[in-house]
Amino acid sequence: MWAEARRVLERAERLHQRFFELADATAQPCWEPPVDMVETETALFIEIALPGVDPQRIEARFEQGLLVLIAERDPPLPPEPAVIRRLELPYGRFERRIALPSGSYELAGRQLVNGCLQLSLRKVV
């Protein structure tokens, strides 16, 4: 029983390491940021956790009922040689496709607050 539990934990650790491995900008997306979405009668409010992502490098577009976000989070590399002791935050290119409720939307507002991208989408009637 303990041997099986240990194998499961080792497999989970390997998957975790693969999921968060560093990737270059040309690679496929390697992580997805968490998203919150709140809807009112006239708008959608979406908040995406993007700590450390340069807001000028975030691409946001609409595609067939989806909001698509693409950017990259660079690892915090110091200017001198260093030993990485821990990397738990995901780095590299990401792409997040967020299914929107049916309807038409236009971007009404965009701001980065406390490491979160906040988008306001106005419903178009």
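FYI, it's all coordinate maths here, none of it is from the lab. Computed from a prediction, not measured in an experiment: that's the story for all the values here. Every residue, glycine as well, gets a Cβ built from its backbone with ideal geometry; the counts of neighbours run over all protein chains shown.
When a footprinting reagent is the concern and you count Cβ atoms within 10 Å, what order do Val68, Val124 take, fewest first? Please report the intermediate quantities before stating the final value.
Numbers: Val68 14, Val124 8.
Arranged by neighbour count, lowest to highest, Val68, Val124 become Val124, Val68.
Once you place label points 7 Å from the Cα toward the Cβ at Val83 and Glu106, how far apart are they in nm?
Those two pseudo-labels are separated by 5.7 nm.
Identify the trypsin sites (Lys or Arg not before Pro) of the stretch 50-125 meeting these criteria: DSSP loop state and at most 10 other C-beta atoms within 10 Å of the C-beta. Spell out each step's value before the answer.
Working: sites: Arg57, Arg61, Arg73, Arg85, Arg86, Arg93, Arg96, Arg97, Arg110, Arg122, Lys123; in loops: Arg85, Arg86.
Passing sites in the stretch 50-125 are Arg85, Arg86.
Which FRET efficiency, nearest 0.05, do Arg122 and Glu10 yield, Cβ-Cβ r, R0 30 Å?
Efficiency, rounded to the nearest 0.05: 0.05.
What distance in nm separates the simple spin-label points at Gln28 and Phe62, each placed 7 Å from Cα in the Cβ direction?
Output for this residue pair reads 3.0 nm.
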